[in-house]
Amino acid sequence: MRIGIFGGTFNPPHRGHRHIAEDFREQMAAIGLPLDKVLIIPTFVPPHKETPDLASGEDRLAMCEMCFRETPEEGDAVFEVSDYEIARADVSYTYMTLEHLHEEWPGAELYFVMGDDMLLYLPKWARPEKILEDAVLVSTIRSHECTVEALKAFAKETYPDQYAAGRFLFFESEPFPVSSTEVRALVKKADRPIAKETLNKLLDPEVLQYILERELYQ
């Protein structure tokens, strides 16, 4: 069984997140490693970055369910939102989540997707060698400032044994230029027509309605 993992703050989840998940699923299938499912795992408190205006875990879980809801075509990996890190109600470390997933699905192959910027930050994560032992890291190139060659060179130099063992995969992904920070700023101006129009392009309609009804990020 192959399980894809897409973790993040999802504050809020937007169409860029959905784009990454869909591209991850498609590119894994294209190289002959189709996933059985893709777990979407919102963090409780992200340990590596400041998170102003952090919505509650309950709200972010609900929005993820809306953002990643789908009826996949036959053979496609399904998106499944997991409350594991939210339910722990503590700082979330990736190596702990991977250990839990191996306990839940013994023998499963885990593939953890991250952006190019996050891979460069990996040495500062808690127990990166343990992460690479428990999952293959799949890095998506989403900016014009980075290249596959540069990321491969970084991984080979920083984690030579894991690189040689095939614990890294690299994909180029068409960027979807949006960030949750940008979305939160636009929500504060949602009463203005141009901001509302932009939000309709960046968010699932259900997610936008949920944010406005609950007055999140105000």
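The values are calculated or read from the model by the stated rules, or taken from the named source; none is laboratory data. Just so it is clear, the model here is predicted, and its values are computed rather than measured. Glycine also receives a Cβ, built like all others from the backbone with ideal geometry; neighbour counts cover every protein chain displayed.
Summary table
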{"item": "Residue check for GLY32: without any contact (Cβ under 8 Å) to a residue 40 or more places away in the chain and under 15 Å from GLU109 (Cα atoms)", "result": "yes"}
{"item": "In region 158-184, the residues that are of a type in the set (D, E, K, R), part of a helix (DSSP H, G or I) and without any contact (Cβ under 8 Å) to a residue 60 or more places away in the chain", "result": "ASP161, GLU182"}
{"item": "Any chance ALA135 is buried (at least 18 other Cβ atoms within 10 Å of the Cβ) and of a type in the set (A, V, I, L, M)", "result": "yes"}
{"item": "Odd one out for ALA89, checked against (1) modelled with pLDDT of 95 or more; (2) more than 22 Å from SER139 (Cα to Cα)", "result": "(1)"}
{"item": "Flag for PRO52 being in contact with a helix residue (DSSP H, G or I) (Cβ under 6 Å, 6 or more places away or on another chain) and more than 21 Å from MET28 (Cα to Cα)", "result": "no"}
{"item": "Answer residue from region 121-151, given it is touching a Ser or Thr at 6+ places or on another chain (Cβ under 9 Å), assigned to a helix (DSSP H, G or I) and farther than 20 Å from GLU99 by Cα and is modelled with the highest pLDDT among those", "result": "LEU151"}
{"item": "Residue within region 123-132 that is surrounded by fewer than 16 Cβ atoms within 10 Å (Cβ to Cβ), at negative phi and touching a strand residue (DSSP E or B) at 6+ places or on another chain (Cβ under 6 Å) present", "result": "no"}
